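A short worksheet on the structure shown next.
Bear in mind that the values in this text are calculations on the coordinates, not laboratory data. Computed from a predicted model, the values in this text were never measured in an experiment.
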Amino acid sequence: IMANGTIAFDTLTTSDQVRSGTEKSVDTSYIYNGVCKVWINGTLLSGANTINQSLNVGSVTDNGTGDLTLNFSNSFANANYVAMAAGTYGNKTCDTDIGGDSTENTTTFIDCNQYNNDPTAGSLGRVDVPYNYGIVGDLA
């Protein structure tokens, strides 16, 4: 159904002739509910924060070494979303702490911390590192 230049549909259908020769479909609500509403690939090094690519991130606040806040462009319906993260420290992975307490996990932002977990690299405290975050939940 077309209304004001917008196509509305409830199901996506595709033909999978190459693999099975049968038509496949998926409910659009399944796709909408299962995708990241926020994601970011960035680098926080020596106090310089670079956003390489992102979706629904209005800005990133550098709160100090290994501590940053993701500010969302569009708010979540509630603070019960799920956040996932990955970071690297040299050739090693690092630990991440996302929204550690209720004051760091809101509908408009989330606080993120990155820690060195490689004891051979020196201090095990917070470190500035390249980072990746993804958040799944309902937007307001």
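Assorted remarks:
- Distances between placed amide hydrogens fall under 5 Å for TYR131 paired with GLY42, THR43, LEU44, all partners being 5 or more residues away or on another chain.
- Phi angles of the range 127-133 translate, via the Karplus equation with coefficients 6.51, -1.76, 1.60 and θ = phi - 60°, into HN-Hα couplings of 9, 7, 8, x, 9, 9, 10 Hz per residue; Gly and Pro are given as x.
- Computed from backbone phi, the HN-Hα couplings of the range 55-72 come to 9, 6, 10, x, 6, 10, 9, 8, 9, x, 3, x, 10, 9, 10, 8, 9, 7 Hz, rounded to whole numbers (Karplus: 6.51 cos²θ - 1.76 cosθ + 1.60, θ = phi - 60°; Gly and Pro given as x).
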